[in-house]
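Read through the structure below, which is laid out as structure tokens, and then see the notes.
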Amino acid sequence: MLFKLLIVLLLLFMIGNLFWGLKAMLSQQDPRLMSRYIGRRLIFAVLIVLLLIIALAAGWVVPHSPLMKVS
């Protein structure tokens, strides 16, 4: 449960940084500020993917089986 909460929080931080980057882009602020927010979003996305791969390998997260089984 704690792992899933961590993934959701990282997704929220990722979306927040995306919107902060959009705000910085639309307000014509320093371009480095916008790239900092977009870079953070990218780091969070990579971190989420790595955590999911580790969780699948460790057995913390089990993927669903297909809904229809072909016999």
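The numbers here are math on the coordinates, done by the rules we state, and not lab data. Small disclaimer: the values here were computed from a predicted structure and weren't measured. Cβ sites come from the backbone with ideal geometry, for glycine too, and all protein chains shown count toward neighbours.
Of all the listed residues (ILE48, ILE38), the sole one being closer than 25 Å to MET1 by Cβ and of a type in the set (A, V, I, L, M) is ILE48. Filtered by the rule that a residue be assigned to a helix (DSSP H, G or I) and among the small types (Gly, Ala, Ser), segment 22-54 gives ALA24, SER35, GLY39, ALA45.
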